[in-house]
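Below: the structure, in structure tokens.
The values are calculated or read from the model by the stated rules, or taken from the named source; none is laboratory data. Note that the structure is predicted; figures quoted are calculated from it, not measured. With ideal geometry, Cβ positions are generated from the backbone for all residues, glycine too; neighbour counts draw on all protein chains shown. The protein model used for the area step is the full one, side chains on, heavy atoms only, and it has no ligands, DNA or RNA in it. Shrake-Rupley method; radii C 1.70, N 1.55, O 1.52, S 1.80 Å.
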Amino acid sequence: MSKKTYIQAITDALRLELGSDEKTLVFGEDVGKNGGVFRATDGLQAEFGEDRVFDTPLAESGIGGLSIGLALEGFRPIPEIQFLGFIFETLDSIAGQMSRERFRTGGTRHMPITIRSPYGGGTHTPEMHADSLEGYLAQIPGLRVVTPSNPYDAKGLLISSIRNNDPVFFLENLKLYRSMKADIPDEAYTVPLDKAAVVREGTDISLIAYSAQVNQSLKVAEKLEKEGISVEVVDLRTLSPLDEETILKSVQKTGRAVAIQEAQRQAGIAANVASLIAEKGALYLSAPVGRVSAPDTVYPFGLAEDDWLPAEDEIEAKTREILNY
Amino acid sequence: MDNEKPIVDFSAIRDTLGKNYEPVQVIDGQAKVLKPEIVSKYSNDQLVDFLKLMIWERTLHQRSNALTRQGRLGFYAPTEGQEASEMGSNSAMKRTDVLMPAYRDIPQLIQHGLPVYKAFLWSRGHVLGNEYPEDLHAMPPQIIIGAQYVQAAGVALGIKKNGTEDKVAYSYTGDGGTSQGDFYEGMNFAGAFQAPAVFIVQNNGYAISVPRRKQTAARTLAQKAVAAGIPSVQVDGMDFLAVHEVTKAAREYAAAGNGPVMIETLTYRFGPHTNAGDDPKRYRTKEEEQPWFDNDPLIRYRKYLTDQGAWSEDQENEYVEQVKADIKDAVKQADDAPKQKMTEFLENVFEEQPQNIQQQITEFQAKESK
């Protein structure tokens, strides 16, 4: 066991997988000598050489296409898209190509690609750096969208993603990179894909969240506990496809739910969670499903982002509203 | 002050751009041998095999055209006119090379190992048409213009990293495709990694209805490779031997570890963009088309080999009949393909089925067993 930050846990996972599978490749903009703009790939080129860990020209679509071609030649690519806001440049590689190849070829070809990308607000980045775009990605058949909320999951989910034979979009929360530390095992371990986790058990209401919002939800749960309110917190971990069983089981137990996302409200993950509960768990409910999200505007970068991002008190207020409905 | 010369003469620079490209020719439109030293490298039997490749592609086109009209094929992009460009380049490659085709490159795919019936199944939208055996080194035809170029760069880098000797990735796009960002990104990545890729641009004059001159201010498409730091060449795309020799040289150069190459073939799409309603009369004139029709790639090789006494009308008729019979068999084989099932589609979305897929498989199994 060692104390690791969220980003160190990610580096750890990359190092272990580069070491154990010679077909893995880490590449992207500035990931080589510089170790990535956040140092997620720090030291990896020195350890594994330029053949395995390398810089690419500055072109996201090229990085996506490169991954597909390398996968066809038998490699297990782990490309980095420097910021999630840059994926629009490579959406064809993701949505139009790699996620379709297994289907397109009748299962005769596969794309074991894990795209890593940082996202999430709260660090005052320039525009198109912190946007939560997981809702776009979640509609793509054949693509898993995975995001950890803590260092343990960051390492275990990333290792599971890399070892998976289908493409995974692995979202790393910018704000959590260095703000979270935890004791995690030094050796390789996996955290299952397609499985949500009940990170706090409760009986009165379910807060269903992911990434940084899990930590905000846990704080709300702790606060409400002092008033004798028992809050269950579900960490989705895999955003697409959803772990329906865990969500429905939790709602069956508590009878009340709030779905939480950092992204703007329209057509997002929280909407998927709410519609799942409406479709398959309506009879468990004592109140409508609540939703917490940012407003439906473009992400206001820089100084205004704190007003835009869903805050802990918004989660608390919505939780109380649904509890008292 | 008005007479002062600017520090840079941009007009003069512009006028020199792309000027050093001269299309390579071996046998011209009148069947006149311009490069006897190339022609003499091949026996008449080999040249007959080359001509047969073009006749095969023309016959495949004619049958595909007819089958599409009868509703027996689905999507079809006519290849007539591009036989020298397609067969000339593809025949210079090895079966172990990796082909990244677009939708007009079905003849190359078939020559690379795809059974004709599978090509027909692809046209109909049957997934069996895309189930390639391991030893068919190709991807299904790309629909998104340019996407195959960035992927080809990745395949080429993979070949280099695997240390595979004498193997290249090769990819096709059209004149319109050279306007796409991925076209440049693919060449630039392959160049930056010095990866063994051969990029072939079939300049057939039109991107559906938009003529080549409206795609770019560049004098040639070949010169677009210069910006990526990779060598390029223009070749008479109606001249089989010229395309073949140029592609062979490009392949050897790339396979030797020198990095990628780009080839622009000057050809013409005799027919419409696809058989889904495109009418070239809306954007082309007879006056423009006729010289290209006269420049049919089959004419000059047929004439040359007939003059040599190596080919005859009877031989051609016999060969065409044989190709037609093969195509007829392929249609029958395609007709025998089983109906596609939604459960099979669902099973091929992921390797390990998540809950939503499992549930939907169960739902469709119930429907399909009725």
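Shape analysis of the stretch A:2-184 based on the Cα gyration tensor places the equivalent ellipsoid semi-axes at 23, 19, 16 Å, largest first. Assuming charge only on the beta carbon of Lys and Arg (+1) and of Asp and Glu (-1), the dipole of chain A about its Cα centre is about 680 debye to the nearest 20. The alpha-carbon of A:Lys3 sits under 18 angstrom from the alpha-carbons of these aspartates and glutamates, leaving out residues fewer than 8 places away in its chain: A:Asp12, A:Asp42, A:Asp153, A:Asp183, A:Asp186, A:Glu187. Summarised as an ellipsoid, the stretch A:197-323 has semi-axes of 22, 17, 12 Å, derived from the eigenvalues of the Cα gyration tensor scaled by 5 and square-rooted, with the largest first. Entry note: the stretch B:10-339 has Rg to Rh equal to 0.95, where both radii use alpha-carbon atoms and Rh is the Kirkwood radius.
Size of the dipole of the protein assembly as shown about the Cα centre, Lys and Arg at +1 and Asp and Glu at -1 on the beta carbon, nothing else charged, in debye to 20?
Numbers: 74 positive and 99 negative charges, 170 e Å.
Using only the charged Cβ atoms, the result is roughly 820 debye.
By the scheme Lys and Arg +1, Asp and Glu -1, what is the net charge of all other residues having a beta-carbon under 14 Å from that of B:Val261? Numbers along the way, then the final one.
Values: positive: B:Lys224, B:Lys248, B:Arg251; negative: B:Asp97, B:Glu245, B:Glu252, B:Glu264.
Once positives and negatives cancel, what remains is -1.
Give, as a single signed number, the net charge of other residues whose beta carbon lies under 10 Å from the beta carbon of B:Thr216, with Lys and Arg counted +1 and Asp and Glu -1. Don't jump to the answer; show the numbers that get you there.
Working: positive: B:Arg212, B:Arg213, B:Lys214, B:Arg219, B:Lys224; negative: B:Asp175.
Value of the local net charge: +4.
Using the Cα atoms of the protein assembly as shown to build a convex hull, what is its mean projected area in square nanometres? Spell out each step's value before the answer.
Working: hull surface 151.6 nm².
It is 37.9 nm².
With the charge dipole of the stretch B:73-118 set up from +1 on Lys and Arg Cβ and -1 on Asp and Glu Cβ about the Cα centre, the Cα lying farthest toward the positive end among the listed residues B:Leu114, B:Pro101, B:Met87 is that of B:Leu114.
Could you pull out the pairs from B:Lys118/B:Lys167; A:Lys175/A:Lys226; B:Lys248/B:Lys324; A:Lys155/A:Lys181 whose alpha carbons sit more than 19 Å apart here? Please list the in-between numbers first.
Working: B:Lys118/B:Lys167 25 Å; A:Lys175/A:Lys226 28 Å; B:Lys248/B:Lys324 30 Å; A:Lys155/A:Lys181 12 Å.
With Cα atoms farther than 19 Å apart: B:Lys118/B:Lys167; A:Lys175/A:Lys226; B:Lys248/B:Lys324.
Put simply, chains A and B cover up around 3500 Å² of each other's accessible surface, both sides summed, when a 1.4 Å probe is used.
Its alpha carbons give the stretch A:229-277 an Rg and a Dmax of 10.7, 31 Å.
When the convex hull of its Cα atoms is viewed from all sides, the stretch B:130-217 shows a mean projected area of 6.6 nm². Here the stretch A:1-52 is treated as a Stokes sphere of Kirkwood radius computed over C-alpha pairs; at 37 °C and 0.692 mPa s its diffusion coefficient rounds to 295 µm²/s.
Exactly which GluC sites (Glu not before Pro) in the stretch B:292-370 are in a DSSP loop and have at most 13 other Cβ atoms within 10 Å? Kindly include the intermediate steps, with their values, before the conclusion.
On the way: sites: B:Glu313, B:Glu316, B:Glu318, B:Glu321, B:Glu344, B:Glu347, B:Glu351, B:Glu352, B:Glu363, B:Glu368; in loops: B:Glu351, B:Glu352.
The qualifying sites are B:Glu351, B:Glu352.
Screening chain A for whole DSSP H helices of 27 Å or more along their axis (Cα) with average Kyte-Doolittle hydropathy at least -0.5 returns none. Here is the list for the stretch A:197-281: trypsin sites (Lys or Arg not before Pro) lying in DSSP coil, each with at most 10 other C-beta atoms within 10 angstrom of its C-beta, are A:Lys226. Radius of gyration (Cα atoms) of the stretch B:53-99, expressed as a multiple of 2.2 N^0.38 Å: 1.32. Scaling against 2.2 N^0.38 Å puts the C-alpha radius of gyration of the stretch B:254-369 at 1.86. Under the combined filter of DSSP loop state and at most 14 neighbouring Cβ atoms within 10 Å, the stretch A:171-278 retains these chymotrypsin sites (Phe, Trp or Tyr not before Pro): A:Tyr189.
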